[in-house]
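What follows draws every value from the coordinates through simple rules; no lab data is involved. Keep in mind the model is a prediction, meaning the values are calculated, not measured. Positions of Cβ are backbone-derived with ideal geometry, glycine not excepted, and every protein chain shown enters the neighbour counts.
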Amino acid sequence: MSRAPYRFERAAWRRGLTRVAGLDEAGRGPLAGPVVAGVVILAPGAAIEGLDDSKRLAPGERERLFDLIQVRATAVAVGVVDPAIIDRVNILEATRLAMERALRALPVEPELVLTDFVALRALPWPQRNLVHGDHRSATVAAASIVAKVTRDRIMEQADREYPDYGFARHKGYATAGHQLALSRLGACPLHRRTFAGVWSQGELFLVT
């Protein structure tokens, strides 16, 4: 399996930019739950073997790398935007907001931000928006792992609050089991009521 390289990071490090922040999100597509952004700064020379797009990693490997990132990274932070805001501003703007919250939560200021193609407006630091950034940049891959594991844990907690929907299994995505639960139970407070897979289950929700 291929692994995300450090090419962009090394180019920045050679220019004296030691605080390169990788930024990515998890949860743009699901019918329920928040969108979560992760941001990671790795110190020059502190490579972590096996970093890759979180979607290409088995759950156990994601968890192992998540724990390693917490120990090895210079800085790690997350930003979370809940379904009510997603419904109010749309998923792209909610994703940007989650990313901005993650960056504001960093304990140190980045000198360069690498994203998985999402451009942020009025960012006070230079940014580079990479197509397939979570495949091409190790720090973006690390951020994708942080975002994915954090969001999965949120959905596992949601399963304890709303056990009839199966959130621990499908994490809010539009699986057959999730759609069946929606048709039987209707939406819960974690559902994104403007998403077609939710309101098409028989109810049209108006968001104010």
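Could you list log10 I(q)/I(0) for region 113-153 at q = 0.21, 0.23, 0.30 Å⁻¹, which the Debye formula gives when each Cα is one point scatterer?
These q points yield log10 I(q)/I(0) values of -0.66, -0.75, -0.97.
Which loop-located GluC sites (Glu not before Pro) does region 88-124 contain, where loop means any DSSP state but H, G, I, E or B and the Cβ has at most 16 other Cβ atoms within 10 Å?
Qualifying residues, ordered by number: E111.
For the chain, what is the mean residue ellipticity at 222 nm derived from helices alone (per DSSP H run of n ≥ 4: -39500 (n - 2.57); sum divided by total residues; nearest 500 deg cm²/dmol)?
-12500 deg cm²/dmol
If we count every other residue with Cβ under 14 angstrom of I86's Cβ, Lys/Arg +1 and Asp/Glu -1, where does the sum land?
That works out to +3.
Using only Cα atoms, find the angle between the long axis of helix 91-105 and the longest principal axis of the chain, and express it within 0 to 90 degrees, rounded to the nearest 10.
Tilt relative to the chain: about 50 degrees.
How far is helix 176-185 tilted, in degrees, relative to the longest principal axis of the Cα atoms in the chain, given as a value from 0 to 90 rounded to the nearest 10?
Approximately 50 degrees, to the nearest 10.
With +1 on each Lys and Arg Cβ and -1 on each Asp and Glu Cβ, and nothing else charged, work out how big the dipole of region 39-107 is about its Cα centre, in Debye to the nearest 20.
Dipole of region 39-107, to the nearest 20 debye: 120 debye.
Using only Cα atoms and rounding to the nearest 10 degrees, what angle (0 to 90) does helix 59-72 make with the longest principal axis of the chain?
Helix 59-72 sits roughly 40 degrees off the main axis of the chain.
When a footprinting reagent is the concern and you count Cβ atoms within 10 Å, what order do I41, I145, I85, I48 take, fewest first?
Ranked by crowding around the Cβ, least crowded first: I85, I48, I41, I145.
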